[in-house]
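This report concerns only the one structure given below.
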Amino acid sequence: MYQTFNSCPLFLQTLFMKQRFAIFLLLLLAKIAQANAQSTFKVHFTYEKCAKEKAFSFWFHDGEKRIPAHVSKLKNEYIITGKLKIKYTYLQIEQRADNDFRSFDRFIVNQVPAKIHYVKCDTNNSFSYWKDVKIENAELFIYPPSLYRFCVEELKADGEIRRQLLNNTSSEAEVTKLMKDLHAATQKLFDKQLDFLSTHSDSVSYLFLLRDLVENQDGIESDKCEEVFRAFPSEIQNSPEGKLLLKTIQTKRTRAINKPEVGKIAPTFETKDIKGNLVKLKNLNGKYVLLVFWATWCAPCVKEIPQIMDIRKKYAPEKLEVISISLDKDHQKHRVFVNKKKMDWTQIVGAKTLTQNYFIDSLPETVLIDPAGKIVYIGMGYDETVLQKTLASLL
């Protein structure tokens with residue numbers, strides 16, 4: 001049985017941030033060096049004064065993590081230095097606007113010292129503040145305009161669906177339709193970018209683009225992503241960055257194949273609760289397990305708490321184990337909330353892998369697992385009767 005009701009989308013806190021990030025991710029990407037790695041780097045970055053000061057930040061990326069860079073500032077000049085132990089990397093310069101809107105440019109440093117100079121401000125451009133950039137011993141990569149325009153339009157459509165979900169307070173059918181529309185829009189955008197990469201697999205810059213696309217997916221639903229990766233030259237595939245990306249693609253492909261559905265075995269997990277106790281799903285075999293995915297900022301989730309309390313009182317722990325998994329980022333706020341509401345059952349917060357493995361797209365979401373470890377119910381949204389009736393029929 002699969003139910004969808006009044007939902008509080010997971011995107012509540014991160015909707016606009018994710019949209020901005022996705023737009024700018026597709027705006028400017030690095031032209032990554034295919035030369036030998038440098039042991040040290042040094043970049044002189046200067047910019048012309050605009051009407052109002054812009055805040056800059058700088059970092060390098062090696063395909064797996066951010067690399068700290070030492071930055072010193074003299075008037076309108078930044079001197080950026082650091083050490084590299086990798087073959088491919090890029091310098092990213094982020095700019096924060098007055099309204100906290102952020103964009104970035106990515107550069108490859110061909111030789112040291114490199115010089116980057118932002119010449120003219122462009123206050124009418126929503127995505128970049130500069131009309132002209134002068135570069136020495138570095139190179140800026142610009143995303144193809146036609147694909148960029150497509151992505152912007154698709155992101156607008158995606159955003160409209162998310163806003164409808166955010167404001168939705170009506171029927172199960174409407175929420176279900178919106179969730180399907182959102183999935184279709186997201187998949188269309190992903191597939192279009194893969195189509196582009198399938199004919200642009202000749203440089204490491206596009207490997208990094210593929211990595212960015214993969215990282216934004218909880219699961220990969222087809223083999224096309226790995227096929228695109230296999231089109232890159234063997235030198236790129238066999239680089240540390242390439243091997244790491246392939247592993248990520250294969251992991252997320254497996255995750256999608258094993259996506260939780262009624263009738264399937266529930267994804268296993270092992271994590272700690274807020275008291276530090278180890279929680280293993282396999283240790284709960286022999287009784288029903290109710291997983292409740294929620295957050296303190298989700299109104300329908302909070303509304304659902306009394307029902308979860310009633311279920312907790314009605315069924316003995318020997319028959320039914322209730323586990324709440326919170327998506328709150330502020331763990332202290334979560335702890336205070338749980339204590340105030342006297343939610344004395346197992347509480348987990350910050351378990352990102354667990355949430356990804358269960359493909360949580362909206363909140364609240366409940367998953368009921370039978371004593372043999374099989375999923376028998378998935379419910380999305382707040383409902384006062386269906387979960388109760390399901391439990392009554394099984395216990």
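The values are calculated or read from the model by the stated rules, or taken from the named source; none is laboratory data. Being a predicted model, the structure only gives us computed values, none of them experimental. Cβ coordinates were reconstructed from backbone atoms using ideal geometry, including for glycine residues, and neighbour counts include every protein chain displayed.
Within the stretch 278-299, residues that are at positive phi sit with their Cβ atoms under 8 Å from residues that are assigned to a loop (DSSP other than H, G, I, E, B) and surrounded by fewer than 19 Cβ atoms within 10 Å (Cβ to Cβ), at 6+ positions apart or across chains, in these pairs: 286/371. Among the helices (runs of 4 or more DSSP H) confined to the stretch 266-365, the ones with at least 1 residues that are among the acidic types (Asp, Glu) and over 20 Å from the mean Cα position of the chain (by Cα) are located at 299-314.
With respect to the conditions (1) surrounded by 12 or more Cβ atoms within 10 Å (Cβ to Cβ); (2) farther than 27 Å from residue 205 by Cβ, residue 246 falls short on a single one, namely (2). Among the residues of the stretch 344-372, those that are small (Gly, Ala, Ser) and closer than 20 Å to residue 273 by Cα comprise 350, 351. Candidates 239, 234: the one that is of a type in the set (Ser, Thr, Tyr) and touching a residue at least 40 places away in the same chain (Cβ under 8 Å) is 239.
In the stretch 135-183, which residue that is aromatic (Phe, Trp, Tyr) and assigned to a helix (DSSP H, G or I) is modelled with the lowest pLDDT? My answer is 148.
With the condition kept exactly as written, say whether any residue in the stretch 311-327 is farther than 25 Å from residue 283 by Cα, modelled with pLDDT under 95 and surrounded by fewer than 18 Cβ atoms within 10 Å (Cβ to Cβ). No, because not a single residue in the stretch 311-327 is farther than 25 Å from residue 283 by Cα, modelled with pLDDT under 95 and surrounded by fewer than 18 Cβ atoms within 10 Å (Cβ to Cβ). Residues that are among the acidic types (Asp, Glu) and at pLDDT 75 or above: does the stretch 114-129 have at least one? No, the stretch 114-129 contains no residue that is among the acidic types (Asp, Glu) and at pLDDT 75 or above.
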